[in-house]
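Shown next, in structure tokens, is the structure this report addresses.
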Amino acid sequence: MMDDYTLPFWIYLGVLTVFVGGAMKKILASHLSTAPTVVAWLGATVLVERLWAFCLPAVLLLALLCLACCLYSTARTVPPPTTLPVHGKAVFITGCDSGFGKAAAKRLDALGLEVFATVLDLSGDGAKELQRTCSPRLTLLQVDITQPQQVQQALLDTKAKLGLRGLWGLVNNAGVCVNFGDAELSLMSNFRGCMEVNFFGTLSVTKSFLPLLRQTRGRLVTISSPAGDQPFPCLAAYGASKAALNLFINTLRHELEPWGVGVSTILPSSYKTGQSSNHTYWEQQHKQLLQSLSPGLLEEYGEDYVNETKELFQSHAQHANPDLSPVIDAIEQALLSPRPRARYLAGPGVGLMYFIHSYCPFSLSNRFLQRLFVKKKLMPRALRKQSSFELSLGLHNNNNNNNNNDKEKLKLP
């Protein structure tokens, strides 16, 4: 019976198997909140249905199902890999005043690593908290990563304390999101500000500390954002800087492989970090935006449209996840796992977002992003006026048509 099927059938079967297998692998690695078992069985069901359509012997079908079950059970029962020893390992982390950086510094210090934590303000609350709660192994350094001389001084201070030892890990965490709103309304200074910190600052730190990482065949870990891979509305400046960062890190992954340096990118979901829950910060940004807009542009978009964007961002920030542990867990794994992943999707919903982005039609992916992030209800004022005019014109034309029809009826005998 198998001889009845031509080569195209087997090519189709092979392509389908590769696609379903790749999709299952990607989903299972995406940390979806739904049970991976359901996904695995869904893929298996599709394969069985196709195999059945090709009339393969029932015995072969049974053997394939048993093999799939055995492989999946084995994969689920494999014990988690042991972590590398922390003794003698040192890690440099940027942006530890708050958020992921501060939490990572605490976690890694508690594990026994020697931590070099950079802050913008040595007298700030974040620096004081780290001094109070961490061990004497932790070293605080005041560094603005956009200032090359401060980065070089931090490198000298780190080398002085490490002596002949190299640096095991560099965690690029420092970053900013200094804009909210449509790209046309965003200030050029916002685009430059995001690029200076998120891309050029991280580039400066990475290039400076790479010799120490190559010395130990250590780890480079970078906190990026899904906004660098997907077009989130109203985040053009931030997303563009993260897109540049993602490409740089992905290039480094290939270039550092011969040196034995592991390179990982962490892509978090929405969390309460930095200025995200600071009401005064949002008001200042909003006021600055209104003052910078030209009268013509403000008239076309409307102040109510800009206000709605600010309120939506504030609401999104207030409902963000305060539990940073998924990101901190990913940082720990990237630094201490014997085989770190190239990418860590940290937090609920990120895996689903990337799956839709990778496998669903563009129109569906685009709509998903719009509904997920900034759910705007108002259109720009100029479009609202245009819609009202067109509606009025349509009603006027309908009335004229009705009047003409009435006149025609009156002429009838």
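The values are calculated or read from the model by the stated rules, or taken from the named source; none is laboratory data. Fair warning: this is a prediction, and the values are worked out from it, not measured in the lab. All Cβ positions, even for glycine, are placed from backbone atoms using ideal geometry, and neighbour counts span all protein chains on display. Accessible surface areas use protein heavy atoms only, side chains included; no ligands, DNA or RNA. Shrake-Rupley method; radii C 1.70, N 1.55, O 1.52, S 1.80 Å.
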Subject >> Met353, Met188, Met379, reordered so the largest accessible area comes first (probe 1.4 Å) >> reply: Met188, Met379, Met353
**OP:** Quote the accessible area belonging to Lys161 in square angstrom, nearest 10, computed with a 1.4 Å probe and with ligands, DNA and RNA left uncounted.
**Re:** 100 Å²
Original post:
Roughly speaking, what is the centre-to-centre gap between segment 267-339 and segment 343-359 when only Cα atoms are used, to the nearest Å?
Top reply: 20 Å
Original post:
Based on the mean of other beta carbon atoms within 10 Å per residue, what is the order of 315-321, 240-246, most packed first?
Top reply: 240-246, 315-321
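From largest accessible area down, sort Ser204, Ser358; use a 1.4 Å probe on the protein chains. Mind showing how you got there, number by number?
On the way: Ser204 35, Ser358 55 Å².
Result of the area sort, largest leading: Ser358, Ser204.
For segment 90-373, which whole-number percentage of the solvent-accessible area (1.4 Å probe, protein heavy atoms only) is attributable to carbon and sulfur atoms? Walk me through the numbers on the way to the answer.
Details: 6880 of 12630 Å².
Looking at segment 90-373 in its full context, I get 54 percent from C and S.
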**OP:** Determine how large the accessible area of Asp157 is when every protein chain is in place; take a 1.4 Å probe and give Å² rounded to the nearest 10.
**Re:** 60 Å²
Original post:
Of Lys106/Lys128; Lys242/Lys287; Lys242/Lys272; Lys242/Lys377; Lys242/Lys376, which pairs sit farther than 21 Å apart, going by alpha carbon to alpha carbon?
Top reply: Lys242/Lys287; Lys242/Lys377; Lys242/Lys376
